[in-house]
Each structure stands twice: as C-alpha cells, then as structure tokens.
Amino acid sequence: MEPFMEETYAARVPVYAFVNQKGGCGKTTTAVHLAGALAARGERVLLVDLDPQAHATMGLGCSPDRPTVTDVLLGDALLSEAVAPAPGGITLLPSEPRLAEFEEISGRLIHPERRLARALDEAYSAGVRFDHVLLDCSPRADGVLCANALYASSHTLLIVETGAFALQGAIQALKVLDEVAENQGRAPALRVVGTMFDRRTRFARELLVALHARFGEALFDTVIRTSVRLREAPALGLPVQELDPKCRAAADFAALAEEIMALETPGRTLSPSERTDLKEYELRPPSPERAPSASPAGRPSAQPS
Ligand SMILES: Nc1ncnc2c1ncn2[C@@H]1O[C@H](COP(=O)(O)OP(=O)(O)O)[C@@H](O)[C@H]1O
Ligand SMILES: [Mg+2]
C-alpha cells in the first residue's frame, strides 16, 4: 500500500491524525498542546477539531460561531471561512455537537470520508498555507469522522496512556486502523506517543519498555508526563506554552515538537542529548524518587508540575 497518494494535500503538508478508540487517553490534550508548542516556534499550525464533543474547541476557549468543521464537511463553507485564530497562535477549525449529524448524513453522500481531504486541497489551491495540520479525532475509530482523518493524513499518531491495559488497547486500535487502511487502500505512517506517564509507578515504566519493544522507532522518544498544568489548561483556555512556558508539560511538548520537526526534515536526526534514554525507565525498584532539580526536556522526572 502507498504511504499516501501523490498530489494529495498530505503529500505536501504533514497531516497528523490523533487516534485511539479509547476515550480519555490524552488525544485532545496532546493535539492541543503540540499545536501550541509548534506555534510557539513560529510554525503555522492548523488544528482541526473532528470530535462532536468539541473538547479541543472548548479547551482553547473558542465558542463555535458558525461556520464550523460541520459546514466544511457538508460542503456549505470553505475551510478558509471556517478557521479562526485561537490562543497561542494556533489556527483552529472548530467543532460543535452538530458534527454528530454528519455521521447520519454521510450515508447519503458519495465518498463522505474524502470531504476533509478535499477541503484541505481546495484551501491549498487557494493559497492558504499551513506547515502542520493536526486532526483531533473522536474515540469512534470506525466512524466516518475518523475515516476522514485517516484519509486526509500523512501520519497516524496513536496516543497511548501509560496505564493499565494500554498495550492491549494500542494493539486493538491498530487492528481498527488496519481495517480502515485496507478499505481506503492507503495507510498513513504510524507513530506512537506515550502520555500520562508517571515515572514513580513501576507499571508505567514497564509499559514504556513494552511499547518500545512493540513499536520500536515508531515510538516517540518524548513521553508526556502527568501534569496538573495540563488538567488546568482547558478551563483556562490556553495551550500550556502560553499558560506556563517553564512548566514540565511545556518542556515535554517542546520536546515532542522538536521530534516532529526532525521527522519532517529528511536526514535530520536528533542528537543523542535530545533523545530520551530508555534506560531511564528500566526497572529499578520503585523508590522514593530523587527529584532532580532540572530534568532534560521530555524526560520523565518526579518533579511536581
Ligand atoms: N499528561 C497529562 N497529565 C494530566 N492530565 C492529563 C494528561 N493528558 C490528559 N489529561 C487529562 O485526562 C483527561 C482526558 O484527556 P483528553 O486529552 O481529553 O483525552 P481524549 O481526547 O483521548 O478523550 C482530561 O481531563 C485531561 O485534562
Ligand atoms: Mg478528545
């Protein structure tokens, strides 16, 4: 299968679909704050909220004045008409509960799963430019919204909460993704991000080692640690880079953004100092951690956020 088709939007601009059929595993959090970290570097980032729950939209303090992503998918508005500036320099294509109706209407459309890709293509042809597009998906991995995300994307970012049954959940998610890829005749490149990592639990450290064994290079070195700041951010309507640029969550997302940039630049690899050393997670007895005063970006530490 081709990684992605020539001449499509995703062949020109990296498009990441944040997926996992498990709700609450950190998809929206990762999408919003990675968007913020890329935007903080001066990158032009489009964040598309593809979830009728609209958590990314609300978490950036945006109330969806119409038009929204629903109108874009229905062909009633251009993407350029529906996008709005969001905090932290992000451009947002907002969602709303009405997006759920697209699932029902899609039965009457020809190739409803191609609508988002087409809207991105049209915007590109009209001169609208982004450096990265991030698609925050709903947990319904087998639905038409996720199919739109996968059809439009160059990469799927499987978000894995480093908690109980995560590996089984990830493998299950891959099965669903494979089925969609089979149906669409195309498979975006897979990448995996571990989230909600708590180094103090032996279980989380073991799981990270298991994820690395299963996914190898597809697993990002950066792991997003649990952080109070990330819990607070949606209520404050800001990406963490704006909220508290010095906190550990901001460091984690800056490190993930760095890896994304490296991924998109052929031939550019991270220097050893930028890489997370897996030995960090290898099994030592769960100890009352020595809290290092400064931990390198992206490396788990026991510091309170
Ligand atoms: N790294 C993290 N540290 C602390 N809380 C987190 C972290 N990632 C996500 N959360 C919290 O977990 C909950 C679910 O996260 P969310 O990103 O909405 O998941 P999903 O989009 O997969 O449903 C939210 O309350 C969010 O604030
Ligand atoms: Mg979500």
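Taking θ as phi - 60° and the Karplus parameters 6.51, -1.76 and 1.60, the scalar couplings of region 97-110 work out to x, 4, 4, 4, 5, 4, 4, 6, 5, 4, x, 9, 9, 8 Hz in sequence order, x denoting glycine and proline. Counting every C-alpha pair in region 92-225, the share spaced more than 22 angstrom apart comes to 46%.
Taken about its Cα centre, the chain carries a charge dipole of about 1020 debye when Lys and Arg each add +1 at the Cβ and Asp and Glu each add -1 at the Cβ.
Placing unit charges on each Cβ (+1 for Lys and Arg, -1 for Asp and Glu) gives the chain a dipole about its Cα centre, and among 251, 185, 171 the Cα reaching farthest toward its positive end belongs to 251. DSSP finds beta bridges in the chain, and of those with both partners inside it, around 10 percent are antiparallel. Neighbour counts of other Cβ atoms within 10 Å put 33, 212, 132 in the fewest-to-most order 212, 132, 33. Here, region 18-271 yields an orientationally averaged convex hull projection of 13.3 nm² when only Cα atoms define the hull. When the helices of the chain are scored as -39500 (n - 2.57) per DSSP H run of n ≥ 4 and the total is divided over every residue, the value at 222 nm lands at -11500 deg cm²/dmol. With no solvent and one point per C-alpha, what does the Debye sum give as log10 I(q)/I(0) for region 1-101 at q = 0.15, 0.24 Å⁻¹? Scattering profile of region 1-101, log10 relative to I(0): -0.65, -1.36. Between the listed residues 55, 67, 37, the Cα displaced farthest toward the positive end of the dipole of region 32-81, a dipole computed from Cβ unit charges relative to the Cα centre, is found at 37.
Every number in this text was worked out from the coordinates using simple rules, so none of it is lab data. Note that this is a predicted model, so its numbers are computed, not measured. Positions of Cβ are backbone-derived with ideal geometry, glycine not excepted, and every protein chain shown enters the neighbour counts.
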